[in-house]
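Each remark here refers to the structure printed beneath this line.
The values are calculated or read from the model by the stated rules, or taken from the named source; none is laboratory data. Please read these numbers as outputs of a predicted model, since none were measured by experiment. For neighbour counting, all protein chains shown are included, and Cβ atoms are generated from backbone atoms with ideal geometry for every residue, glycine included.
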Amino acid sequence: MAGVPIYLAPSWLLLAVLITVTYGQYMTSRSETIPFTTGLAVGFGFVVCLLVSVLLHELGHAVTSRRSGIGVRGITLEMLGGYTEMEREAPRPGVELYVSLAGPVVSLVLGLLAAAAAAVLPRGGIAETFAFQLALSNIVVAVFNALPGLPLDGGRALQALVWKATGDANTGRIAAGWVGRLLALATAGVALLLLGSPLVKGYFGTLFTLLVALTMWVGAGQAIRHAKATARLPPFSARELARPVVAVTADTPLSEVDRIAALGGDERRPVVAVVDGGGSLVGFVHGASARAVPAERRPWVPIGDVTRRIDRDHVLAGDLRGAELLQAIRDDPGGDYLVVTGEDVHGVLRGAELVSLVAPTRRPRRPTVRRNST
């Protein structure tokens, strides 16, 4: 929609079945004149409306992101709601606040519109009940997502406010992450307190709320770890971190490539790149394939046989640094990236080396820029 890819996670289908059956039982329990099949049909319609509501919530994030100059990778709808994945972090606290609050505002407007419809529809009918439940769902989503803890939208807003006050985005992310953990514990506590209460019938609501609390805890922890990893990033640009390039033709033997690569020493050993007849770079040596060639065959195997071609996803702008640089290599953190500015080639950035600078003892989780809705 509007150029934004929309993905539907398989977990959503499980939730759709559970809500359809639960809602169908709820409708038939309210009136003996309503057949169970009609209740199921109404329940399925309710699920579809919830799906559209969450999609509109996420489109609120996506549209405001694009208006702020932030690209959008896609929107994913899943069992616990959905998330919008951005191409990069917000450049300023004000942009972060603006984008974060867009989703809850959309949900609140949808809830108020559904409430207005429920107010004018005949009382006690299926349509009035349907509209009321839809209004309640959207208002709950708006209020819950506005809570000031990551990974909720309100957590992004809190992050923006702390960022504005301290001048450090990572400080804001850590603060909002810890508040998110507290909210996760509070959510789990409320779910357990309501267990067996006359307000909650059955175990579905309690189990679902506990699952939400667990997801919040995990998301908050990921935000804290991402902030700490980003804080450890070297204050250098991709251009400054790039290794020099030595270009050879595709028919160069691997033994000669080994000799050339060893000339730079261990610290600044150059990366061997393959060029075509016109001198344009076409790819890098694929390390695993090259290492698999035994020593006695290396004088006879051309580098072209163990070359991985360069694609657009493995080309980085020379001025990328910090969190944006880490974000740019997240899909292939162990790959090699050509670093360019315009038509100028600065060298090759090895993703594995950048990851080792961030977390030298273990490989970190891949960071994502998400706007979550539960």
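Miscellaneous remarks
- Only one of the numbered conditions (1) within 26 Å of the chain's Cα centre (by Cα); (2) modelled with pLDDT of 85 or more; (3) not hydrophobic (A, V, I, L, M, F, W, C) is not met by E240, and that is (1).
Each row is one residue, and each column tells you yes or no for (1) out of contact with any Ser or Thr (no Cβ under 8 Å at 6 or more places or on another chain); (2) within 19 Å of V99 (Cα to Cα).
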{"position": "G149", "(1), (2)": "yes, yes"}
{"position": "W178", "(1), (2)": "yes, no"}
{"position": "L182", "(1), (2)": "yes, no"}
{"position": "A186", "(1), (2)": "yes, no"}
{"position": "G189", "(1), (2)": "yes, no"}
{"position": "T206", "(1), (2)": "yes, no"}
{"position": "T215", "(1), (2)": "no, no"}
{"position": "H226", "(1), (2)": "yes, no"}
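- Any strands (runs of 3 or more DSSP E) falling wholly within segment 262-374 and containing at least 1 residues that are at pLDDT 75 or above and among the hydroxyl-bearing types (S, T, Y): 307-309, 336-341
- Subset of segment 3-18 that is in contact with a strand residue (DSSP E or B) (Cβ under 8 Å, 6 or more places away or on another chain) and part of a helix (DSSP H, G or I) - its residue that is surrounded by the fewest Cβ atoms within 10 Å (Cβ to Cβ): S11
- Restricting attention to segment 119-167, the residues that are small (G, A, S) and crowded, with 18+ Cβ neighbours inside 10 Å add up to 10.
- Residues of segment 270-305 classified as closer than 24 Å to H346 by Cα and in contact with a strand residue (DSSP E or B) (Cβ under 7 Å, 6 or more places away or on another chain), total: 15
- Check on L136, out of contact with any Asp or Glu (no Cβ under 8 Å at 6 or more places or on another chain), assigned by TED's automatic domain parsing to the domain that holds Y26, at pLDDT 95 or above and in a helix (DSSP H, G or I): no
- Where R225 falls short, out of the listed (1) assigned by TED's automatic domain parsing to the domain that holds V339; (2) touching a residue at least 12 places away in the same chain (Cβ under 8 Å): (1)
- Residue check for I70: part of a strand (DSSP E or B) and within 29 Å of V162 (Cα to Cα): no
- Given (1) in contact with a helix residue (DSSP H, G or I) (Cβ under 7 Å, 6 or more places away or on another chain); (2) part of a loop (DSSP other than H, G, I, E, B), index of the condition S107 fails: (2)
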